[in-house]
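Student: Below is the structure I would like to discuss, written out as structure tokens.
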Amino acid sequence: MKRRLGLCLLLLILVTFMTGCSLIGERTGQARITVKMTDGTPITEAEVKLLDGSKEVTKGSVNSQGVVVLTAKPGSYTVEVRTEAIDQLVLVESDVVIEAKKQLTKKL
């Protein structure tokens with residue numbers, strides 16, 4: 001019985017480390033992205049994605065102030081913003097670096 005319990009505990013620890021989870025707490029950071037027109041007017045209808053190469057990591061839509069907060073693991077990402085604010089599709093890309101337990105602020 002003790003051996004089985006020890007084996008289950010060892011398996012749980014291995015699975016936790018293999019999946020990148022932390023028993024102490026998740027190690028993520030945030031990117032607070034503001035999307036505005038050149039005159040400073042917030043764009044209120046835009047989809048923002050964090051990309052790792054061509055892979056989508058996370059995405060969200062801006063709020064009424066043109067702001068979206070995206071959470072991801074530490075690393076370098078490309079920010080992709082898509083909007084039809086001026087009756088045509090506008091695509092903006094920019095690079096960001098997310099650090100654990102920190103919030104980056106980026107204005108596009």
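The values are calculated or read from the model by the stated rules, or taken from the named source; none is laboratory data. If you're wondering where the values come from, they're calculated on a predicted model, not measured in any experiment. Counting neighbours? That spans all protein chains shown, and the Cβs are built from the backbone with ideal geometry, glycine included.
Student: Note down all Cβ pairs under 9 Å where the first residue falls in the range 52-69 and is free of Cβ contacts under 8 Å to residues at least 40 places away in the same chain, the second is among the hydroxyl-bearing types (Ser, Thr, Tyr) and part of a loop (DSSP other than H, G, I, E, B), and they're at least six residues apart or on different chains.
Tutor: Within 9 Å, the pairs are Val62/Thr44; Asn63/Thr44; Ser64/Thr44; Gln65/Thr44; Gly66/Thr41; Gly66/Thr44.
Student: Among what's in the range 32-50 and is buried (at least 18 other Cβ atoms within 10 Å of the Cβ) and assigned to a loop (DSSP other than H, G, I, E, B), pick the residue that is nearest to the chain's Cα centre (by Cα).
Tutor: Val35
Student: Just for the range 51-81: of the residues that are among the basic types (Lys, Arg) and either in a loop (DSSP other than H, G, I, E, B) or surrounded by 14 or more Cβ atoms within 10 Å (Cβ to Cβ) (or both), which one is modelled with the lowest pLDDT?
Tutor: From the range 51-81, those among the basic types (Lys, Arg) are 55, 59, 73; that's our starting set.
From what's left, either in a loop (DSSP other than H, G, I, E, B) or surrounded by 14 or more Cβ atoms within 10 Å (Cβ to Cβ) (or both): 59, 73.
On the way: Lys59: 95, Lys73: 92.
Checked the range 51-81; the qualifying residue modelled with the lowest pLDDT is Lys73.
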